Amino acid sequence: WIVFTLCSIAPLSIVSGLTFLLLFLAIDKSDEYQLLHFILHCKSAQFVSFGVLGGFWGFLDYVGCITFDDDGRYGCKSILPSPAARFALLFGGWLMQNYTIIASFCMLPGSRQTGRFNLQGCIDFQKTAPTEHAGGHMWRFLLLDLIFFFLCILLYFALALATTHTVLENDWRTVHLFFA
């Protein structure tokens with residue numbers, strides 16, 4: 001469990017994406033709880049790895065790129081904070097993680113509750129209209145997350161194509177757009 005947790009928050013690498021792909025392949029996709037737990041685990045790991053740790057790593061890369069330039073010029077153009085090979089792996093891992101979340105989201109309507117079956121009669125539970133279908137109240141949040149994911153992808157591609165005319169090229173502006 002500790003190894004999977006550490007791999008899932010590995011900053012700036014494809015390790016996180018591969019970890020969630022393995023977890024996605026291992027879970028029971030017909031169980032509502034496992035799908036929701038997987039989605040929430042992925043989103044919280046994204047916050048830590050790409051948000052907190054990734055932001056700190058990117059800050060240190062760019063400060064080091066600008067501050068420790070010996071020849072007095074803006075060295076970030078020639079020495080990228082994140083080389084293209086590492087950036088392509090980072091972008092691929094990020095997309096893989098998001099596509100497993102989207103796949104889990106799409107499988108949610110066909111899922112069923114398996115744990116509550118054992119609790120029948122032991123716990124009083126009143127079902128309301130929003131909790132009748134699989135996912136319950138989480139549907140609104142997941143749909144909002146899905147909309148913002150596609151908006152961010154479209155914005156990234158539009159800005160990358162407008163500034164550099166490429167999407168995954170070895171250009172500091174393209175790499176900076178992803179970290180921004």
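The values are calculated or read from the model by the stated rules, or taken from the named source; none is laboratory data. A quick note: this is a predicted structure, and the numbers were derived from the prediction, not measured. No Cβ is skipped: glycine too gets one built from the backbone with ideal geometry, and neighbour counts run over all protein chains shown.
Worth pointing out:
- Failed condition for Phe117, given (1) surrounded by fewer than 15 Cβ atoms within 10 Å (Cβ to Cβ); (2) modelled with pLDDT under 75; (3) not in a helix (DSSP H, G or I): (3)
- From the options Ile147, Ile101, Ile123, residue that is modelled with pLDDT of 75 or more and either closer than 19 Å to Asp28 by Cα or outside any helix (DSSP H, G or I) (or both): Ile101
- Residues in the range 79-96 include at least one that is crowded, with 16+ Cβ neighbours inside 10 Å, at pLDDT 85 or above and under 28 Å from Leu144 (Cβ atoms).
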